[in-house]
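Working notes for the structure below.
Where a number appears in this text, it was derived from the coordinates with a stated rule and is not lab data. Computed from a predicted structure; not experimentally measured. Reconstructed Cβ throughout: ideal geometry from the backbone, glycine too, with neighbour counts over all protein chains shown.
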């Protein structure tokens, strides 16, 4: 019996197989350029996932995730370019900086909810954006910091470094997959259920004894962690960090990607991010006004598919399976998937 | 001392223009519960339309009439086509206005280009104040802003439409039960919001540069005014806009403009955390 669950599982396996085969498959049918586009999509998907974790599972719409992305980025860039750290300590510094600033700003931000939360997260990110622009000696301002990337590891003669395109791809794939897996586990855990309870009704959640403030703060720091990892990866990927990635437009794009893809689903942010980055890459070489298409698409999707593309797909899948079941005219008792 | 007074005066005038724009943001927020990310771009479209009016007719004054009117029509259309279908889901409206912001910016880039341009003030006269020759147009701009603000408050409190707007904001269900056409009030509100921002754009066009990016710079400032004044508190918003621009003007006289911007952002966070109803809650009744 084909159930939505089986179809989803099969698609997940096909998706993972595609990602693993991509570095060989894509150059064979398109060209090698698209492999690095996929790597970039993975990084930005992780960033969109941090918006999704907060909004989709806790009900807090953050418009300032670029702040943690930027800290991850700058942690790596300053670690390597200024402090002369090697790969892993710089990675650690970036993620630590993002988590620390997420904790610090979260302590204040999660006291507020809804509109006020959205606004204070933008305000925090703007404060640090303006700071990053003005503290030129440390951050390079809008020009940013360029650096050469140290190798990831070297054991004897074997060196792994991002200069090898395949190594870079698989490093990003492994890190992003690990983060998504961790996020999935957290959502399935009692902690995740508590977060969803807060999203659905924070008063009721408080009444059954959940510490709403503390749980929101935990979620906020976890989202900061995801954004920080994606920022650090993006710094490795571009060998570059710049204040412009901390501007609120970057946060806004992640919100659009997550909502268009479908919030509250694990794959929504991936779908949304893929859609918009593929459009950008396809159109921007021919037409410089690709943002026009992004704007129109964002509006069309929210009007026509309010639950996002994944939400639309899931509804369609459930309906299709129900119909297939009805036509097969079986009288067995079926349990809901 | 003279520079200080001059920057304070500049801040005051700029604050009055911001008040106009922020007022539009505030009524859209208060009535439709929408965080309008495209609002800065409404202002930007106003400056660009002012430039086109000047190009086409050779007369800047025409812009004061034509541009707010076009803004009103655009705003009404946007509400009807984009906002109405998703009005009840606030998260979606944020995405939609973000998309709108991209569409407006790109449309301006396509038609107007990317090069910043300047418009000469239609009043060329200057007068001496604080040791320099100050542009008379700036005083005129302040006057227009004050008249528009006063006009808006009169509209809100003395006309039927204004009363409807206040009624829907106060209690939508009851207002509908009493026969207020809420749907039309929403369209009207969005139209007026756009028109106010566009008028702000016309007034500001000869003072600032005309380019597709100005909206992005001005949006945080408008939000600060709305928050510090108190969400939905219209007189508070206007007062906060003037106060903020005035303060930034003073801080700029001894520090970097970025520092000025950071200090007002910090002030805004403090207000959000300590007095989320705004600084003037209880004062305005």
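Points worth noting:
- On the basis of the beta-carbon distance and an R0 of 25 Å, residue B:147 and residue B:57 show a calculated FRET efficiency of 0.65.
- Value of [θ]222 nm, deg cm²/dmol, for the protein assembly as shown, DSSP H segments ≥ 4, -39500 (n - 2.57) each, nearest 500: -25000 deg cm²/dmol
- Averaged over the residues of peptide A:284-292, the number of Cβ atoms from other protein chains lying within 10 Å of each residue's Cβ is 3.
- Working note: Debye formula, equal point scatterers on the alpha-carbon atoms of the range A:240-298, no solvent; log10 I(q)/I(0) at q = 0.28, 0.29, 0.30 Å⁻¹ is -1.12, -1.13, -1.14.
- Sorting the segments B:213-219, A:52-58 by their mean number of nearby beta carbons within 10 angstrom, highest to lowest, gives A:52-58, B:213-219.
- Descending semi-axes in Å of the range A:189-287, equivalent ellipsoid built from Cα gyration tensor: 33, 17, 11
- At 0.692 mPa s and 37 °C, Stokes D of chain B from Kirkwood alpha-carbon radius, µm² per second: 171 µm²/s
- Evaluated at q = 0.19, 0.21 Å⁻¹: base-10 log I(q)/I(0), Debye formula over Cα of the range B:170-285: -1.14, -1.25
- On the principal axes of its alpha carbon atoms, chain A extends 71, 55, 46 Å, with the longest extent given first.
- Average other protein chain Cβ within 10 Å of Cβ, residues A:114-120: 6
- Top of B:195, B:150, B:63 by mean-square fluctuation, Gaussian network on chain B, Cα under 10 Å: B:150
- Label-point separation in nm, residue A:82 to residue B:80, each point 7 Å along Cα→Cβ: 5.5 nm
- Most mobile of A:319, A:111, A:280 in a GNM of chain A (Cα contacts under 10 Å): A:319
- Euclidean distance between Cα centres, the range A:109-150 to the range B:86-140, Å: 25 Å
- Peptides B:154-161, B:108-115 ordered by average Cβ neighbours within 10 Å, highest first: B:108-115, B:154-161
- Cα gyration tensor category, rounded, prolate or oblate, for the range A:1-108 with a/c compared to 1.5: oblate
- Panel order for A:253, B:173, A:281, by other beta carbons found within 10 Å of each beta carbon, from fewest to most: B:173, A:281, A:253.
- Sorting A:145-156, A:169-180 by their mean Cβ neighbour count within 10 Å, with the most densely packed peptide first, gives A:169-180, A:145-156.
- Length-normalised contact order for the range B:116-217 - Cα pairs under 8 Å, 6+ apart - percent: 39 percent
- Computed lengthening from residue B:158 to residue B:134, 0.36 nm per intervening residue step minus Cα-Cα distance: 5.0 nm
- Normalised contact order of chain A, rounded percent, pairs of Cα under 8 Å and 6 or more residues apart: 29 percent
- Overall size of the range A:247-337 from C-alpha positions, given as principal axis extents largest first: 57, 26, 20 Å.
- Spatially, the range B:41-79 and the range A:1-39 are offset by 49 Å when compared through their Cα centroids.
- Cα gyration tensor shape of the range B:11-103, rounded if a/c is under 1.5, else prolate or oblate by comparing a/b with b/c: prolate
- Residues considered: A:225, A:167, A:18. Largest GNM mean-square fluctuation over chain A, using C-alpha springs under 10 Å, is found at A:18.
- Peptide A:248-255, shielding by other chains (average Cβ, 10 Å cutoff): 3
- Overall form of the protein assembly as shown per C-alpha gyration tensor (a/c, 1.5; a/b vs b/c): prolate
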